[in-house]
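A short reminder: the numbers here are calculations on the coordinates, not readings from a lab. Keep in mind the model is a prediction, meaning the values are calculated, not measured. Cβ: placed from backbone, ideal geometry, glycine included. Neighbour counts: every protein chain shown.
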Amino acid sequence: MKRILFVGDKDKTDLLFYLAKTLSESGKKTLIVDATLRSDYEYACPVVDVSGEPREYDGFEIWTPFRSLGHDAGEALAAKAEDEDYDVVLYDTDHAGRLAMLPETDLRFLLLGCEQTSLQRSLRLLEAFFAGRPVAEWYAFHRIMIEGADEPGDAYIDGQFEPFPIEWKKRMVYYPDERNLSVKIANQYAERLRMKGISPDLKKVVQELAAVVLGIDEREARKLWKRAERSK
């Protein structure tokens, strides 16, 4: 099993849906674990409920343990971390307390925007991640930027993250786009995940993510995307 962490204050539901669908096209049984403060995935698609069990959605599964299990979510997360029934588990969190309850992961992605609030919240999340970890040990992170402005710039952001023992890997970027919002809202009412119509830069980020997670080149990731886009 490969465990992947996505941390940051931005809504990641559509991004992880597209990634999970693409991974499922490679034959990987994929689970999204919703560890966000507001249980963002509860209404992100029509099939998710609060039964306490993972629910299938168009080839992958979604689990919202904190909404349904409350204080028992930590124990359930620990048990699920040992469940070899899944090939890939994608953990999504925007909350420091819940971040501490998640298991160790193989890959880590920090997703943030250009706003000061997003940057400061990202810093607090990284503080929570590194709390209690060995100071001398370095951790690899990939960075996903949702850019809506030229400010503050990479140099400023890099300086803010400098105190943390992070080995930065790939940097990915996509931009706020009405097309992405339109498809995202349509999918909240659809039994099947629609992938056509999103912006080229968001599509590229999903393909780059799939390439990193699966350890394949981006050409193969593009082929998987096309299969996922066409699937019924």
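Side notes on the structure shown:
- One residue from Leu111, Leu102 being touching a helix residue (DSSP H, G or I) at 6+ places or on another chain (Cβ under 7 Å) and not aromatic (Phe, Trp, Tyr): Leu102
Here is a yes/no grid of residues against (1) on the phi > 0 side of the Ramachandran plot; (2) of a type in the set (Ser, Thr, Tyr); (3) more than 22 Å from the chain's Cα centre (by Cα):
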position: Pro134; (1), (2), (3): no, no, yes
position: Met145; (1), (2), (3): no, no, no
position: Pro152; (1), (2), (3): no, no, yes
position: Ala155; (1), (2), (3): no, no, yes
position: Pro165; (1), (2), (3): no, no, no
position: Lys170; (1), (2), (3): no, no, no
position: Tyr174; (1), (2), (3): no, yes, no
position: Glu178; (1), (2), (3): no, no, no
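- Put simply, of Ala221, Ala210 the only residue that is touching a Ser or Thr at 6+ places or on another chain (Cβ under 6 Å) and surrounded by 13 or more Cβ atoms within 10 Å (Cβ to Cβ) is Ala210.
- Residues that are out of contact with any Phe, Trp or Tyr (no Cβ under 8 Å at 6 or more places or on another chain) and within 17 Å of Phe60 (Cβ to Cβ) within region 193-212 comprise just one, Arg194.
- Of residues in region 12-47 being in a helix (DSSP H, G or I) and of a type in the set (D, E, K, R), the one surrounded by the most Cβ atoms within 10 Å (Cβ to Cβ): Lys21
- Scan of region 87-144 for residues that are of a type in the set (Ser, Thr, Tyr) and either outside any helix (DSSP H, G or I) or surrounded by 20 or more Cβ atoms within 10 Å (Cβ to Cβ) (or both), ordered by number: Tyr91, Thr93, Thr105, Ser122, Tyr139
- Residues within region 157-184 that are out of contact with any strand residue (DSSP E or B) (no Cβ under 9 Å at 6 or more places or on another chain) and surrounded by 11 or more Cβ atoms within 10 Å (Cβ to Cβ), tallied: 9
- Sub-7 Å Cβ pairs linking a first residue in region 196-218 that is on the phi < 0 side of the Ramachandran plot to a second residue that is polar (S, T, N, Q) and crowded, with 19+ Cβ neighbours inside 10 Å, at least 6 apart or interchain, are Ile198/Asn180; Ser199/Asn180; Leu202/Asn180; Val206/Thr22; Ala210/Thr22; Leu214/Ser26; Glu218/Gln207, ordered by first then second residue.
- Residue in region 196-207 that is surrounded by the fewest Cβ atoms within 10 Å (Cβ to Cβ), counting only those that are within 27 Å of Thr105 (Cα to Cα) and of a type outside the set (Asp, Glu): Lys204
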